Amino acid sequence: MSMKLTEFESYKLLKKYNIATPKHFLAKNKVSAQRFAKKIKYPVVMKLMSEDILHKTEAKGVVLNVADMNTLEEQYNNIIANANEFWLSTGNISKPKIDGILIEETICGIEVIIGGQTDAQFGKTIMFGLGGIFVEAFNDVSFRLVPLQEKDIEDMIGELKSKKILDNYRNIKINRKKLIDIILNVSKMFESENIIEFDLNPVFLNEKQAVVCDARIMLRE
C-alpha cells in the first residue's frame with residue numbers, strides 16, 4: 001500500500017531534513033490568506049491543497065504572480081470553483097475534500113529537478129537535472145544510488161550537458177554549496193524515510209539559496 005502526500009504535508013517532511021521551502025501558509029479562508037500574503041509581500045503563489053486532487057495543475061488549482069489582495073480574493077474563489085468542477089468531471093458526485101489554499105512567497109532563479117525512485121533490483125536512486133525545457137526536451141539528467149556523498153553530487157552535475165549553467169555561465173549566478181547541501185539532505189531523507197518515490201520540481205537556485213517550490217512524495221504505508 002502507498003500514500004501520496006499533499007504538497008503541504010511534503011513540505012513538513014522536507015523541513016525535518018533542513019530542506020528549504022518557500023515561506024508558506026495553509027489558508028482556510030480568504031481573510032487568513034490575505035493576511036499572510038500581506039505579511040510575506042506580494043506577488044504570491046496560490047495552490048489548491050486537496051488529498052482528493054493531487055494533480056493541482058490539471059484542476060487549474062495553481063496561480064502564479066498574484067499581485068494584490070483583490071486578485072487574491074478573486075483567485076481564491078476561482079481555485080475552489082475549478083476544484084469542484086474538475087472533481088465532478090472525473091465522475092464523482094460529491095464535492096472534493098479541500099484542505100485549504102496554500103499561500104507561498106514567490107522565489108526566482110534557475111530551475112532544477114531532484115527526483116527519486118525505488119527499483120526492485122538496485123534500490124533507491126536519486127535523479128538530478130536542470131528543470132524546464134532541459135528535462136522535458138533533452139532529458140538532461142543524471143542518476144546515483146543512495147546514499148550520496150559530496151563527490152557523487154559533483155559528478156552528477158558534471159555529467160549534465162547543461163552543466164555550464166550551474167557554473168556561473170553568462171553571469172547566471174547560483175549558490176553551488178546550497179545546491180550540494182540540498183541534494184545531500186534529500187539523499188538522507190530518502191535513505192531514512194519509508195519513501196517509494198518523490199519529485200521535487202521545480203527547485204529554484206539563485207545566489208543566496210536553493211528552495212524546493214513544489215513537492216510530490218509517495219510513502220509506503
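The values are calculated or read from the model by the stated rules, or taken from the named source; none is laboratory data. As the structure is a prediction and not an experimental result, all values here were calculated from the model. Because the Cβ atoms are built from the backbone with ideal geometry, glycine has one as well, and the counts that use them run over all protein chains shown.
Of all residues in the range 193-219, those satisfying the criterion of being touching a residue at least 60 places away in the same chain (Cβ under 8 Å) and not in a strand (DSSP E or B) are Glu193, Asn206, Gln209, Cys213, Asp214.
Each residue in the range 145-182 was checked for being small (Gly, Ala, Ser) and in a helix (DSSP H, G or I), and 1 of them qualify. Of the residues screened, Lys15 is not one that is touching an Asp or Glu at 6+ places or on another chain (Cβ under 6 Å), outside the structural domain of Leu179 (by TED's automatic domain parsing) and of a type outside the set (A, V, I, L, M, F, W, C).
May I ask you to list the residues in the range 13-29 that are more than 18 Å from Ile196 (Cβ to Cβ) and surrounded by fewer than 17 Cβ atoms within 10 Å (Cβ to Cβ)? Lys15, Asn18, Lys23, Lys28, Asn29 - these are the residues of the range 13-29 that are more than 18 Å from Ile196 (Cβ to Cβ) and surrounded by fewer than 17 Cβ atoms within 10 Å (Cβ to Cβ). Evaluating Asp199 against the criteria (1) under 22 Å from Ser10 (Cα atoms); (2) of a type in the set (D, E, K, R); (3) over 17 Å from the mean Cα position of the chain (by Cα) leaves one unmet condition, (3).
State all residues of the range 1-27 that are in a strand (DSSP E or B) and either closer than 19 Å to Thr106 by Cβ or in contact with a helix residue (DSSP H, G or I) (Cβ under 6 Å, 6 or more places away or on another chain) (or both); if no residue qualifies, say none.
Matches in the range 1-27: His24, Phe25, Leu26, Ala27.
Just wondering, is there one or more residues in the range 161-169 that are touching a residue at least 24 places away in the same chain (Cβ under 8 Å), closer than 17 Å to Ile19 by Cα and touching a Leu at 6+ places or on another chain (Cβ under 7 Å)? No, the conditions are met nowhere in the range 161-169.
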